[in-house]
Amino acid sequence: MRKWLITVFLLVIACGGEIVGGGGGGDDTVFPSDAGTDATTSDAGPSLGDFREIGDSTNWASLDVNALVGVSGGFYGGTFDGRYLYLAPSVNSETGMPHGHALRFDTLSSFTAASAWSTFDTTTLAPTALGFAGAAFDGRYVYFAPNGGEVDVQDVYYAFQPSSTFVRYDTLGSFTDAAAWTTFELRTLSPQAQGYCGVTFDGRYLYLVPYGPDGDQVPDAGVTESLAVRYDTKSSFADSSSYALMDLTLLPNEPSRRCGATFDGHYLYLSEEQNEADVTGVMTRYDTSASFTESSSWTTFNVATVNPKAQGFAGAAFDGRSLYVMSYWFGDSFNQFYDGITARYDTEPDNDFETNVLMNLLSRECV
């Protein structure tokens, strides 16, 4: 019996609403919103009583990790290897510039103990190894997705400089030893292979999600195209033949900016944010059993055709049956709104991606 991801319940609580519409079908699984008087506890998933109360402040802890490790960094995404938690370095909180101070937390230690935290500066590997967005673990290695960040252009203005330095850490080595770290320049595959937001693993291949161009990109930085990257983890990290590229502009309804991805055991889903003009609700799905570089292996669907506010997605998650995508914002270039619309797609075989994407919408807006 499938176990329900705690995240589903947290989303409902955070928005102060209920999961509405739709329902499970095709087998005996009962969605929490569908559980009636005949539903058993095992069918409906765990009750909130099985977990600590989210509203109890004593169940929460916080700390300033920057003060602990002596850096002033912001972080974007993370991953877990079974013991250690890794945070991907993003932007320096004091300067607003990208940084490379990766963090590792030993989950067997006290959360607030300085000794439980370690840091490694990835810029010691390469000056361009900084400004990441997302991390993933493949069973041995931890990967950081290169994104980039704001840089000072001739002391005149700030603009986005996309990065292509893909970074990998070998968990069999010491976290603070540079010998355990490796980099690969994705631009050696293509000048447009740069600026990614999200990375995920399907059991063999690692996928980098192309973020797309930024309107204030550094001049002559190279056009950030929609090149998705797939790396074969069974092959050499340093060998260009281990990588494959897919130009997502070949797909219909193709936006230019994405952030986040997830894998359901067969399909890879990319979370789409906006196209060149406006926010979009397009979701992209890749059939991992088919050729990565063939357009026929990819499918798109515009979720905004179901709910106009279901767009501007940033992040996705899978619970064993359903796909969830989180809306970051909606609107157009002149009127932008932040909302709490979350879409759910039932991945069961009898549900078609194009016509049955939304099983539910958390339609209450979080404020």
**Request:** Go through (1) more than 16 Å from GLY312 (Cβ to Cβ); (2) modelled with pLDDT of 80 or more and name the single condition CYS197 misses.
**Result:** (1)
**Request:** Within segment 157-201, track down each residue that is farther than 17 Å from LEU87 by Cα, part of a strand (DSSP E or B) and in contact with a Gly (Cβ under 8 Å, 6 or more places away or on another chain).
**Result:** TYR158, PHE160, GLN161, PRO162
**Request:** Would you mind telling me which numbered condition in (1) at negative phi; (2) surrounded by fewer than 24 Cβ atoms within 10 Å (Cβ to Cβ); (3) at pLDDT below 95 ALA290 fails?
**Result:** (3)
**Asked** Are any residues in segment 166-205 without any contact (Cβ under 8 Å) to a residue 40 or more places away in the chain and crowded, with 20+ Cβ neighbours inside 10 Å, and if so, which ones?
**Response** GLN192
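Any residue in segment 304-315 that is modelled with pLDDT of 90 or more, out of contact with any strand residue (DSSP E or B) (no Cβ under 8 Å at 6 or more places or on another chain) and not in a strand (DSSP E or B)?
Applying the first criterion (modelled with pLDDT of 90 or more) to segment 304-315 yields none.
Within segment 304-315 (the criterion being modelled with pLDDT of 90 or more, out of contact with any strand residue (DSSP E or B) (no Cβ under 8 Å at 6 or more places or on another chain) and not in a strand (DSSP E or B)), the answer is no, since none of the residues qualifies.
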**Asked** Yes or no: LEU103 out of contact with any Gly (no Cβ under 6 Å at 6 or more places or on another chain), of a type in the set (A, V, I, L, M) and at negative phi?
**Response** yes
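The values are calculated or read from the model by the stated rules, or taken from the named source; none is laboratory data. Here the structure is a predicted model, which is why all the values come from computation and not from measurement. Heads up, the Cβs are rebuilt from the backbone with ideal geometry, glycines too, and the neighbour counts pull from every protein chain shown.
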